[in-house]
Amino acid sequence: MAIKQRRRHSVRESVLKAIPENRLGERVRELRLRLGMSQNDVAEALNLPPSWVGHIETGKTEMPSRERLHALAQVLQTETLDLMIAAGYWQLENVYEGVDPQLLAAARDASPAMQRMVINLLNEAKQVAG
């Protein structure tokens, strides 16, 4: 039995390490604390066990679905896109074709806050040009 548990644990760890640029946990914690919420508060609002929030914040669980990210974003009073960027689901290259690759590379390596600023600038540029 112990061998099976060890094997499952190592598979789960390898899956989590394969997720690129996963900053979801630190973003969730930052938003939760800014709102003065406990992990229990967030979990209760989502109808999930409190351990789920703790696992998200520490990166000890698989990535949540986009639907669950949407619900989490509502509880944390942010946009779903904010959490999708932090989770590594959303890639600038897929949305902004024709943008300088160096800008996209720099934005990809930036913090979620900087990525949001780049997204806002690109959206404004699209509206002006559009």
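Worth a mention:
- Förster radius 25 Å - calculated FRET efficiency between L103 and T61, Cβ distance, rounded to 0.05: 0.15
- For L48 and Q127, a Förster radius of 35 Å and the Cβ-Cβ distance give a FRET efficiency of 0.40, rounded to the nearest 0.05.
- For G88, the residues 5 or more places off, or on other chains, whose built amide H falls under 5 Å of its own are R23.
Quick note: the coordinates plus some simple rules give every number you see, no bench work behind them. Everything quoted here is computed from the prediction, not taken from an experiment. Note that we place each Cβ from the backbone using ideal geometry, even for glycine, and neighbour counts take in every protein chain shown.
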